[in-house]
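The values are calculated or read from the model by the stated rules, or taken from the named source; none is laboratory data. Bear in mind the structure is a predicted one, so any value in this text is a computation, not a measurement. Glycine gets a Cβ as well: all are built from the backbone with ideal geometry, and neighbour counts include every protein chain shown. Surface areas here come from the heavy atoms of the whole protein model, side chains and all, with no ligands, DNA or RNA. Shrake-Rupley method; radii C 1.70, N 1.55, O 1.52, S 1.80 Å.
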Amino acid sequence: MKAIILAGGRGERMGKKTLNTPKPMLKIGGLPVLEHQINLLKRYGLKEVIILTHYLSEVIEKYFKDGRDWGMKISYFKEKEPLGTTGGIKEIANKLKDDFLVIYGDKMLDIDLTRVIAFHKNKKSACTLVSHPTSHLEDSDLVEIDKDQKIIAFHPKPHPSNQYFRNLVNAAIYIMSPKILRHIKRGVKADFGKDIFPKIVRKEKMYGYLTAEYIKDIGTSARLIQVQKDYQKGKISRLNRENKRRAIFFDRDGTISQASYEIFRPGSFKLFPWSAAAIKKINESEFLAIVITNQPAVAKGFRSIDDIAAIQCKMETILGEKGAKLDGIYFCPHHPDKGYKGENQKYKIKCSCRKPKIGLVKKAKRDFNIDLKHSYFIGDSFRDILCGRNAGMTTIGVKTGRGCQDGDAKPDYLFDNLSQAVNFVTSFKKAIAIK
Ligand SMILES: [Zn+2]
């Protein structure tokens with residue numbers, strides 16, 4: 001598979017830093033961002049790279065030459081005038097006979113590319129967008145996916161204030177079939193995210209590949225400094241999915257939100273006042289933040305799967321407004337006891353995902369490559385505590401909601417609320433670092 005790196009940007013927002021250096025040549029840990037990208041491509045077996053340049057093209061070409069020093073085949077296409085993210089690719093369409101990978105040259109990333117490529121192939125996708133939740137929801141263009149991860153809509157900013165969205169953004173790493181190029185007009189300045197994808201989402205099979213790996217742009221001086229810090233700490237490579245990660249799992253109703261266990265409408269869903277700050281604290285650590293929730297009201301016929309999705313959107317939007325994000329949200333719609341009026345037969349089953357069973361934890365483990373032994377489960381019910389214990393985690397009870405008074409299971413630790421529980425876990429994160 002060929003890779004295309006979009007490295008033509010001027011980097012106006014970087015001030016003097018980009019006067020003599022194009023943005024992709026700014027250094028992280030002594031190496032240009034572009035070189036980190038090329039090293040990543042090589043590591044995952046991609047051998048051929050086309051770099052699209054414009055601003056200070058000669059600096060890039062002089063540095064990488066034909067790529068031989070990196071064991072890669074590198075060529076260049078210099079755009080005479082900048083044509084957004086699409087124009088240069090259209091110009092080299094004759095070199096793109098098979099599916100290809102696109103990376104924006106100002107992205108610092110360390111992701112398992114083998115897995116992204118396999119996902120693209122398995123889905124028979126025409127265009128796969130690497131996507132992730134963001135901590136700045138309101139100024140992001142959002143992607144909407146269905147349960148098979150097929151992209152069904154784009155929601156560019158600004159978002160209407162009376163609507164809730166799932167927190168998912170396009171990370172600007174794509175795998176594309178050449179047939180996508182027929183939607184691009186030659187010589188017209190355009191952007192994939194804003195101009196092309198929203199128009200073709202109903203015409204082409206597009207999928208979102210979800211990840212919690214490190215992908216950040218260096219578009220402003222503040223972001224560049226943050227990425228440099230993360231690099232020094234080793235965080236960027238540590239978050240690659242090939243490495244096991246630790247997670248803080250938590251329950252929803254009674255743990256992060258008020259304990260109305262039969263919420264019918266998103267309107268009545270309310271987070272505890274401390275929940276967003278606590279989840280943000282998890283985001284700033286290297287723990288994943290994952291919700292595991294039983295929603296038997298679906299089986300009981302009180303609400304639909306769409307209601308659950310709507311509440312999830314509200315939860316993610318409120319958290320996003322406060323700079324907090326959830327890496328994963330998993331729910332069980334089932335309930336085992338049959339024979340009630342109005343119940344939804346399809347979900348009245350003995351499933352393997354209703355807590356204290358660990359089906360959903362196991363799914364999260366597979367999705368994110370989680371080290372359960374060094375992970376935590378926080379909840380207000382004996383079901384949470386048993387689920388965490390059954391999965392081999394350390395368990396933490398909270399006194400909100402059911403307050404762990406609804407059964408005999410004793411948690412390893414008990415705190416007043418989620419905030420205290422998260423403070424406890426994140427302050428010990430260094431003491432139990434994993435290899
Ligand atoms: Zn279930």
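Observations
Let's see how each residue does on (1) within 16 Å of the ligand (Cβ to nearest atom); (2) at pLDDT below 95; (3) surrounded by fewer than 23 Cβ atoms within 10 Å (Cβ to Cβ); (4) over 18 Å from GLN295 (Cβ atoms):
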{"residue": "THR395", "(1), (2), (3), (4)": "no, no, no, yes"}
{"residue": "LYS399", "(1), (2), (3), (4)": "no, no, yes, yes"}
{"residue": "LEU418", "(1), (2), (3), (4)": "no, no, no, yes"}
{"residue": "LYS429", "(1), (2), (3), (4)": "no, yes, yes, yes"}
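- GLU286 being touching a Leu at 6+ places or on another chain (Cβ under 8 Å) and either part of a loop (DSSP other than H, G, I, E, B) or not hydrophobic (A, V, I, L, M, F, W, C) (or both): yes
- Taking the stretch 146-261 and the helices (runs of 4 or more DSSP H) fully enclosed by it, the elements with 2 or more residues that are over 26 Å from LYS97 (Cα atoms) are at 221-232, 235-238.
- When ILE263, ILE248, ILE282, ILE308 are checked against the criterion of being at pLDDT below 95, closer than 27 Å to ILE396 by Cα and away from the ligand (no atom under 16 Å from the Cβ), ILE263 stands alone in meeting it.
- Among the residues of the stretch 320-372, those that are over 24 Å from ASN243 (Cα atoms), open to solvent by 30 Å² or more (accessible area, probe 1.4 Å) and away from the ligand (no atom under 16 Å from the Cβ) comprise GLU321, LYS322, GLY339, TYR340, LYS341, GLY342.
- Test for ILE385: is it out of contact with any helix residue (DSSP H, G or I) (no Cβ under 9 Å at 6 or more places or on another chain), surrounded by fewer than 15 Cβ atoms within 10 Å (Cβ to Cβ) and among the β-branched types (Val, Ile, Thr): no
- Residue in the stretch 123-138 that is farther than 22 Å from LYS216 by Cα, in a helix (DSSP H, G or I), assigned by TED's automatic domain parsing to the domain that holds ASP99 and polar (S, T, N, Q) present: no
- Scanning the stretch 152-188 for residues that are among the basic types (Lys, Arg), farther than 24 Å from ALA276 by Cβ and touching a Ser or Thr at 6+ places or on another chain (Cβ under 8 Å) yields a total of 0.
- Residue that is surrounded by the most Cβ atoms within 10 Å (Cβ to Cβ) [pool: residues in the stretch 161-173 that are more than 15 Å from the chain's Cα centre (by Cα) and at pLDDT 85 or above]: TYR164
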